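Shown next, in structure tokens, is the structure this report addresses.
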Amino acid sequence: MALRFRKSIKLAPGLRMNLSGSGVSWSLGPRGASVGIGRRGTYLNSGIPGTGLYSRQRLSGGSASSPQTSRPGSKQMEITVSISDDGTLTFKDSSGNTIAEDLIEAAKKQQGDKIKALIQGKCDEINEQVEALGRIHEYTSPPVAHAFQPKAFAETRPVAPASKTPGFFCKLIKSCVEKVERENAKAIERHAEDAAEWERRKTEHEAAERTEAEFLDKLNAGNVDAIEHYFEAVLQDIAWPKETLVVFDMLSPGTLAIDVDLPEIEDMPNKTATVPQRGFKLSVKEMGATQVQKLYMRHVHAVGFRIAGEAFSASPKIEEVILSAYSQRPDKTTGKMEDQYLYSVGIPRAKWIAIDFGNLGQVDVVDAFTRFELRRDMTKTGVFKPIEPFE
């Protein structure tokens, strides 16, 4: 199928789905407290409010002693705990140097709950990246007409200032009267400027309201330019987990054709994480090949579902969406990379509106496409064979 479409959109991954390659960082110790180390062992230093002194409690090293108080200037160390995507915990000082084991143990004793919360947060983040790939469709907009909701201009008009009146003694002095008059004139001038600025903002607000109302009227009427503008803006606003390319065109009044260049299966995350009950660890394991295939299967169908849904949501005049999704795969006879279509589906609005958009979490997005005219050659485990898309 030749790419003859008039509009192309590159959908970059959204920030909400990305994981930092360097891990999540968090500074250990509440404000006013730190872990310090000296010749006599490791201590917890915490400030005593209003005194300029520090309470110093031995944590490890040396012989046991009672808590003591020292003046500011005691050797202290700020420790930063971070965790990488492979589950490795690192403990460093403010200069970025790895700290000694006794300090690490002291940090775990002092802030064990917070370190475990950090580990659990990283675990959830890794797993969410995997789970979210197959749930993109759950946020699809329902196919309803756009109703204009006018918004009132919230700012109140500036109130004119009350004129100052010279006092009894001020009236006897010409310069005093002139000063009051100058102040009144300045106040009137400032009010005129504020009122003009208020009028300008009010006029802009009303113009924007008219523009929005007119645009929504065009969408509901099926204006092609309005549909293209709206559809592109909506797709760009979605936090896509993987880069996706969409090209589209109105083939005829009411029929929107869409081609989707999907991410490759090699781009799928292949790791999941768990937190052992004991210790300060994050266990990161690779997913099996079949798990990755099933994840990819759900993802590519969820992408198509979401895009088709936003197309129907763009205008009630769109009666049919023809969506074809492809990926770059090596040709088994030549080894060269080529576009291979994984599925192609023709969706009439009459069948699309039968979906319960308030309960998309219960929709099997892979099976959902079977309700429509579908071309797809796929195993239950998500292995695709190339198909010829609808023209």
(request) Restricting attention to region 109-124, report how many residues are open to solvent by less than 60 Å² (accessible area, probe 1.4 Å) and over 25 Å from Lys285 (Cβ atoms). (result) 2
(message) Taking the conditions exactly as written (touching a Gly at 6+ places or on another chain (Cβ under 8 Å) and within 27 Å of Pro389 (Cα to Cα)), does Tyr230 satisfy them or not?
(response) no
(request) Go through region 360-391 and give me each residue that's assigned to a loop (DSSP other than H, G, I, E, B), open to solvent by 60 Å² or more (accessible area, probe 1.4 Å) and touching a helix residue (DSSP H, G or I) at 6+ places or on another chain (Cβ under 7 Å). (result) Val383
(message) Being closer than 16 Å to Phe305 by Cα and either in contact with a strand residue (DSSP E or B) (Cβ under 6 Å, 6 or more places away or on another chain) or of a type in the set (Asp, Glu) (or both) is the filter here; which residues of region 365-391 pass it?
(response) Asp367, Phe369, Phe372, Glu373, Leu374, Arg375, Arg376
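Residue-wise test of (1) at pLDDT 95 or above; (2) part of a helix (DSSP H, G or I); (3) surrounded by 14 or more Cβ atoms within 10 Å (Cβ to Cβ).
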{"position": "Leu295", "(1), (2), (3)": "no, yes, yes"}
{"position": "Ala308", "(1), (2), (3)": "yes, yes, yes"}
{"position": "Val321", "(1), (2), (3)": "yes, no, yes"}
{"position": "Ser324", "(1), (2), (3)": "yes, no, yes"}
{"position": "Thr333", "(1), (2), (3)": "no, no, no"}
{"position": "Tyr343", "(1), (2), (3)": "yes, no, yes"}
{"position": "Ile355", "(1), (2), (3)": "yes, no, yes"}
{"position": "Gly358", "(1), (2), (3)": "no, no, no"}
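To keep it simple, each residue is scored yes or no on (1) under 28 Å from the mean Cα position of the chain (by Cα); (2) over 21 Å from Thr381 (Cβ atoms).
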site	(1), (2)
Arg329	no, no
Thr334	no, yes
Pro348	no, yes
Ala354	no, yes
Gln362	yes, yes
(message) I'd like to check something: does region 121-129 contain any residue that is under 27 Å from the mean Cα position of the chain (by Cα) and aliphatic (A, V, I, L, M)?
(response) yes
(request) Select from region 125-141 the residues that are open to solvent by 60 Å² or more (accessible area, probe 1.4 Å) and farther than 14 Å from Val363 by Cα and list them in ascending order. (result) Glu125, Glu128, Glu131
(message) Quick check on Thr156: is it assigned to a helix (DSSP H, G or I) and either touching a strand residue (DSSP E or B) at 6+ places or on another chain (Cβ under 9 Å) or open to solvent by 70 Å² or more (accessible area, probe 1.4 Å) (or both)?
(response) no
(message) surrounded by fewer than 18 Cβ atoms within 10 Å (Cβ to Cβ) and touching a Lys or Arg at 6+ places or on another chain (Cβ under 8 Å): is that true of Thr98 in this structure?
(response) yes
(request) Go through region 255-270 and give me each residue that's buried (at least 16 other Cβ atoms within 10 Å of the Cβ) and either over 22 Å from the mean Cα position of the chain (by Cα) or in a strand (DSSP E or B) (or both). (result) Leu256, Ala257, Ile258, Asp259, Val260, Asp261, Ile265
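The values are calculated or read from the model by the stated rules, or taken from the named source; none is laboratory data. In this text the structure is predicted, and so the values were computed from the model without any measurement. Note that we place each Cβ from the backbone using ideal geometry, even for glycine, and neighbour counts take in every protein chain shown. Just the protein is used for accessible areas: all its heavy atoms, side chains included, with ligands, DNA and RNA removed. Shrake-Rupley method; radii C 1.70, N 1.55, O 1.52, S 1.80 Å.
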